[in-house]
1. All but one of (1) surrounded by 13 or more Cβ atoms within 10 Å (Cβ to Cβ); (2) out of contact with any strand residue (DSSP E or B) (no Cβ under 8 Å at 6 or more places or on another chain); (3) modelled with pLDDT under 85 hold for A65; state the number of the condition that does not hold.
2. For residues in the stretch 113-132 being in a loop (DSSP other than H, G, I, E, B) and under 16 Å from G200 (Cβ atoms), which is farthest from the chain's Cα centre (by Cα)?
Amino acid sequence: AERSFSRIAELYQRKQVAIAELDRARAARDQASAATRSAEAQLRELTNGTRPEQLEQAAAALEAARGNLAQLQVGREHLSLRAPRAGLVDALPFKVGDQPPAGAELVSLLVGEQPYARVFIPASIRAQVSVGDVMRVFVEGVEQPFQARVRSIRSEAAFTPYYALTGDDASRLTYRAELVLQGEAARQLPAGLPLRAERGDARP
């Protein structure tokens, strides 16, 4: 319970959980600690010349307190989310208190050294693009395109950001996506270069 509270407190300091979650973790820690201390104190008192049945009752109370603590620890494990591999947090799409829809991306992680491109898929072709699809990425100043795979697509649409506007795009809804660039040459690219992406079948 103490470890759980410490973890929640750290997340609260980073503004990744609400204060209500911190209060619940603190209450659970205090309850488990108090129950354990009380049972241990009763057991110590009863070991000084008391009857065997009283010792058994105190031992049972201590065991129940330990069981409660174990249950709280299991609950903490069930409520803890862990990434499948180590990485750096790139983006947190939702704020504390938001209620993400089912299937939404909660955290964007950067793993490994493979570069990626952040693009915006027009709503008109969103249904034709899926995670894992092969794309061609044209980087400004580089003659040959790069092959890339779609790593993630946001589930919520938004208006095209101003830095991605071209032609009639200002009035379109888009879905933010990330494409992982393939090949050794892609690793040599500096960050922040303008680019555009096309589907692997070469259709616009």
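The values are calculated or read from the model by the stated rules, or taken from the named source; none is laboratory data. Quantities reported herein were computed from a predicted structural model and do not represent experimental measurements. Note that each Cβ is placed from the backbone with ideal geometry, even for glycine, and that neighbours are counted across all protein chains shown.
1. (3)
2. Looking only at the stretch 113-132, we keep the residues that are in a loop (DSSP other than H, G, I, E, B), and these are 113-115, 129-132.
Restricting the remaining residues to those that are under 16 Å from G200 (Cβ atoms) gives 129-132.
Details: V129: 23, S130: 21, V131: 18, G132: 20 Å.
Checked the stretch 113-132; the qualifying residue farthest from the chain's Cα centre (by Cα) is V129.
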